[in-house]
1. Given just the C-alpha atoms of the stretch 144-285, how large is their convex hull per residue in cubic angstrom?
2. Considering only protein heavy atoms, what is the solvent-accessible area of residue 65 at a probe of 1.4 Å, reported in Å² to the nearest 10?
3. Given Cβ point charges of +1 (Lys, Arg) and -1 (Asp, Glu) and nothing else, what value in debye, to the nearest 20, does the dipole of the chain about its Cα centre take?
4. Which residue fluctuates most in the GNM of the chain (Cα springs below 10 Å): 109, 175, 275?
5. In what order, largest first, do 47, 89, 279 sit by accessible area if the probe radius is 1.4 Å?
6. May I ask you to list the GluC sites (Glu not before Pro) in the stretch 9-87 that are in a DSSP loop and have at most 15 other Cβ atoms within 10 Å of their Cβ?
7. Under DSSP H, which helices of the chain have Cα atoms covering 18 Å or more of the helix axis and a Kyte-Doolittle average no less than -1.0?
8. Can you find, among 162, 233, 32, the residue farthest towards the positive end of the dipole of the chain? Put +1 on the C-beta of Lys and Arg, -1 on that of Asp and Glu.
Amino acid sequence: MPQTAENTLQETAILTRSIEFVVRNFVKILVGKISLVRLQQLVKSLYIEEAENYLRRERPDKEASLTALAVLTGADTRKLTQVRNSDTYRRPHHEAPEFLGDVTPESSVIELWTSNPRFTDPKTGDPRVIDLWGEEASFETLVREAIRTRGVTVQSIAKRMQRNNLVELHEDGTVELKLTTFAPLELRQKIGEIKLGLDAAGHLLGTVHHNLATEDPAERLFQRGSWTHRLRPENRQSLEAEVSRHLGRCDDKARDILERYEEEVASDDRLTAGVGLFYFETEAF
């Protein structure tokens, strides 16, 4: 039966809804930890990299052309050239100091405060205590030079950095930098949980991609999910407890199986494999 325009739109809507759901939960974790500007830069670079990889797999004997990339990504060829010629293209962004130093407005301020001689002690090189307001080497000047985004005021960034325990605002109108590297307070406290959770989400999406690209059912990786839309809120705690006990037993069994297949020595040719288990809840709409 031929595909109709209505069916195509319906399928596109389903895909868009799924993407929106995934991205929204991803963004909830990222708010306050990476700026929208840097996230856009990261996603743009990775999208173009993966589009180029896609074209290379499709035609291994040909280089991915700008026109083919433009068709696949919907990006202007000038923007594609700019991204592909950047220092961070096909380079891990977490290894690029120039990217990390400007990952949020707070980190931009800290980067300038700790590196520019106007704001550091000439003898020690340490960041100086500076005036909150003023034209010369003040926090006001620092914010104006470090942050180009409209709407970010001196007061708003000072309060945000004070809340994150990055600076101390003194009664005499001066500002002292307390931490020379940026990480939001909640990020410093829960970095292990965030890394573990995002790693698990990344592995799950990797499994989805593998299964979509695999025609042979025998080669597909295990991917299942169980849920209900008819749960009474008063039964939530008992369900959480019972499922947690069950998943704990599954986790123990999975670890036993993985250990039986593990080699004693790690090396570059080893494959990473694992099992992810989690419980989820979403609020009623």
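1. 288
2. 50
3. Charge dipole, the chain, about its Cα centre: 660 debye, nearest 20.
4. For the chain, modelled as a Gaussian network with Cα springs under 10 Å, the answer is 275.
5. 47, 279, 89
6. The qualifying sites are 63.
7. For the chain, where a helix must reach 18 Å along its axis and average at least -1.0, the hits are 5-30, 36-58, 185-213.
8. Farthest towards the positive pole: 233.
The values are calculated or read from the model by the stated rules, or taken from the named source; none is laboratory data. In this text the structure is predicted, and so the values were computed from the model without any measurement. Please note: Cβ atoms are built from the backbone with ideal geometry, for glycine as well, and neighbour counts cover all protein chains shown. Heads up: the accessible areas ignore ligands, DNA and RNA and are worked out on the full protein's heavy atoms, side chains in. Shrake-Rupley method; radii C 1.70, N 1.55, O 1.52, S 1.80 Å.
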